[in-house]
1. For the full complex of protein chains and a 1.4 angstrom probe, list Tyr81, Tyr146, Tyr235 by accessible area with the highest value first.
2. With the contact rule set at Cα under 8 Å and sequence spacing of 6 or more, what percent relative contact order holds for the range 110-263?
3. Share of the range 203-263's accessible area from carbon and sulfur, percent, 1.4 Å?
4. Using a 1.4 angstrom probe on the protein heavy atoms only, could you order Thr78, Thr117 from most to least accessible area?
5. Just want to confirm a number: the relative contact order over the range 194-263, from Cα pairs under 8 angstrom separated by 6+ residues, in percent.
6. For the range 79-164, which whole-number percentage of the solvent-accessible area (1.4 Å probe, protein heavy atoms only) is attributable to carbon and sulfur atoms?
Amino acid sequence: MIVGRGGFAGAEVLPRVTTMSFVMASGLPVRPFHRVRIGVILKLLLTSAGITNASIQDALVQLLGKPIAESDALCIPTAGYGHPMGSPAGAWRFISGQSRLPMCDLGWKSLGVLELTALPTIGEERWIPWVQEADVLLVNGGDALYLAHWMRQSGLADFLPSLPEEVWVGLSAGSMVMTPRIGKYFVEWKAPTGDDSALGVVDFSIFPHVDHVDLPENSMAAAEKWATGLPNPAYAIDDDTAIMVVDGALEVVSEGTWRHFPA
């Protein structure tokens, strides 16, 4: 699912390049790594729109440590139900690989569905082994605060620190959920906390789908204004960009456009 909100005209962008580092165009200096806040939790591949190009797919295989065809995946559709644009058909497209955003259709060895809203009713003794046996969690877009709520309610958020070798691949809200704040710009579902706090696994926020043809409100200028309302660093990324975090070290993987906003 693609998240769009009201935006502003104009944009400042980086040239379309492929990068696996913080070395930016025009001779700008290398930026220091950001660090995860609460220890080593998974290997993260935080995308805007899934595995959209060869560079992002190469990063995924690197994180897995083996081919996709030899990897077992669980997909998490939960976030889609929390967003006003979500629907049962959207969940089915994600799960079945019929979505325009590549995640579940990559040729996994096996693929299962982990619906977080069901977990509190079945007991940890059933679902924890499912998560432990998976190599990767594929997390759909939708509403990041709704997803964060059900990650806490289900117990999955508390369980993640025990899975340092598992890969988390987020799509839009599935990436934003790992951040400390999503920004008021993206708040749709009202969390019980009453604020825009997500899980805070990483110390930066994410503005996805920058300059998307179907989301004119998601301009780089809108992202810049969004970032001014955050107390932490942030990244604006387009659908050809992902952020990889391993052992606290961050790399931008891009064949598109992105921008870093320091705190």
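The values are calculated or read from the model by the stated rules, or taken from the named source; none is laboratory data. Everything numeric here is computed off the predicted structure, so don't read it as measured data. Side chains are part of the model used for accessible areas, which takes the heavy atoms of the whole protein and leaves out ligands, DNA and RNA. Shrake-Rupley method; radii C 1.70, N 1.55, O 1.52, S 1.80 Å.
1. Numbers: Tyr81 115, Tyr146 40, Tyr235 0 Å².
Accessible-area ranking of Tyr81, Tyr146, Tyr235, largest first: Tyr81, Tyr146, Tyr235.
2. Answer for the range 110-263 is 17 percent.
3. Looking at the range 203-263 in its full context, I get 51 percent from C and S.
4. Thr117, Thr78
5. Numbers: 103 pairs, mean separation 21.2, N = 70.
Taking the mean separation of contacting Cα pairs over the length of the range 194-263, I get 30 percent.
6. 51 percent
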